[in-house]
Amino acid sequence: MDLMARKAEVRKAAFAARKAAYDLDRGGACGLLSSVLAGFRGVPLAGYMPIRSEIDPLPAMAEAAAHGSVCVPVIIGAGLPLQFSRWTPDAALRAGPFGARVPLVDEFIEPELVIVPLVAFNRTGGRLGYGGGFYDRTLERLRGRGVVLAIGFAYGAQEFDNLPLEQTDQPLDMIVTPEAVIEI
């Protein structure tokens with residue numbers, strides 16, 4: 001089986017596992033994420049606006065916004081790295097690509113810590129996303145400019161041992177689930 005077919009197969013299984021975990025989520029999934037972020041007060045932070053069955057980082061982002069800049073990803077165009085627009089819990093939002101909400105008025109900032117959504121992960125920092133390469137290009141660009149910490153946020157059910165990864169896949173520095181902090 002070629003790499004793309006293997007990725008499609010793992011994505012399908014991971015989406016099903018994520019949806020099952022999402023259906024059982026009764027809130028409070030951000031407890032450990034909030035604890036981790038508390039150690040980075042004031043550091044420019046990028047979160048994300050959850051779509052579909054993604055685990056919701058918004059409570060942790062709102063808490064972090066009381067202590068420093070928080071931003072969310074904005075897709076500028078296909079094949080381009082993401083840009084990050086300042087976000088606050090009461091920010092006016094508009095519809096963005098793929099159903100994610102983005103700030104009505106963009107004020108771009110550069111994060112030093114990025115909470116990364118994902119489809120699947122492994123314990124060595126491997127991440128399988130949706131397949132567009134947006135976060136891979138973005139993390140590569142940010143890392144080329146200096147230190148950035150990439151924290152994957154996911155349900156534990158999204159862990160897969162043998163992820164089909166490519167050389168261009170950017171590794172995570174840490175993964176946070178509702179039950180564990182996995183340091184790479």
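All conditions but one from (1) over 21 Å from residue 152 (Cβ atoms); (2) in contact with a Ser or Thr (Cβ under 9 Å, 6 or more places away or on another chain) apply to residue 67; the one that does not is (2). For residue 80, are the conditions met, namely being part of a loop (DSSP other than H, G, I, E, B), more than 24 Å from residue 178 (Cβ to Cβ) and in contact with a helix residue (DSSP H, G or I) (Cβ under 8 Å, 6 or more places away or on another chain)? Answer is yes for this residue. Of the residues that sit in region 135-147 and are at pLDDT 95 or above and either basic (Lys, Arg) or buried (at least 20 other Cβ atoms within 10 Å of the Cβ) (or both), which one is nearest to the chain's Cα centre (by Cα)? The extreme case among them is 135.
Conditions (1) among the aromatic types (Phe, Trp, Tyr); (2) closer than 17 Å to residue 158 by Cα; (3) in contact with a Ser or Thr (Cβ under 6 Å, 6 or more places away or on another chain), marked per residue:
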position: 18; (1), (2), (3): no, yes, yes
position: 60; (1), (2), (3): no, no, yes
position: 63; (1), (2), (3): no, no, yes
position: 73; (1), (2), (3): no, no, no
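Against the list (1) at pLDDT 95 or above; (2) out of contact with any helix residue (DSSP H, G or I) (no Cβ under 6 Å at 6 or more places or on another chain), the condition residue 177 fails is (2).
How many residues are surrounded by 15 or more Cβ atoms within 10 Å (Cβ to Cβ) and closer than 20 Å to residue 1 by Cα if we restrict to region 148-166? Number of matching residues: 4.
Evaluation of residue 20 against the conditions (1) touching a residue at least 40 places away in the same chain (Cβ under 8 Å); (2) surrounded by fewer than 17 Cβ atoms within 10 Å (Cβ to Cβ); (3) within 29 Å of residue 85 (Cβ to Cβ) shows that the sole unmet condition is (3). Among the residues making up region 120-171, a single one is hydroxyl-bearing (Ser, Thr, Tyr) and in contact with a strand residue (DSSP E or B) (Cβ under 6 Å, 6 or more places away or on another chain): 135.
One residue stands out among those in region 118-129 that are in a loop (DSSP other than H, G, I, E, B) and touching a helix residue (DSSP H, G or I) at 6+ places or on another chain (Cβ under 8 Å): the one that is nearest to residue 151 (Cα to Cα), which is 118.
The single residue among 169, 106, 90 that is without any contact (Cβ under 8 Å) to a residue 12 or more places away in the chain, in a loop (DSSP other than H, G, I, E, B) and surrounded by fewer than 21 Cβ atoms within 10 Å (Cβ to Cβ) turns out to be 90.
The values are calculated or read from the model by the stated rules, or taken from the named source; none is laboratory data. These numbers were taken from a predicted model, which means no experiment stands behind them. Methodologically, a virtual Cβ is constructed for each residue, glycine included, from the backbone with ideal geometry; neighbour enumeration extends over all protein chains shown.
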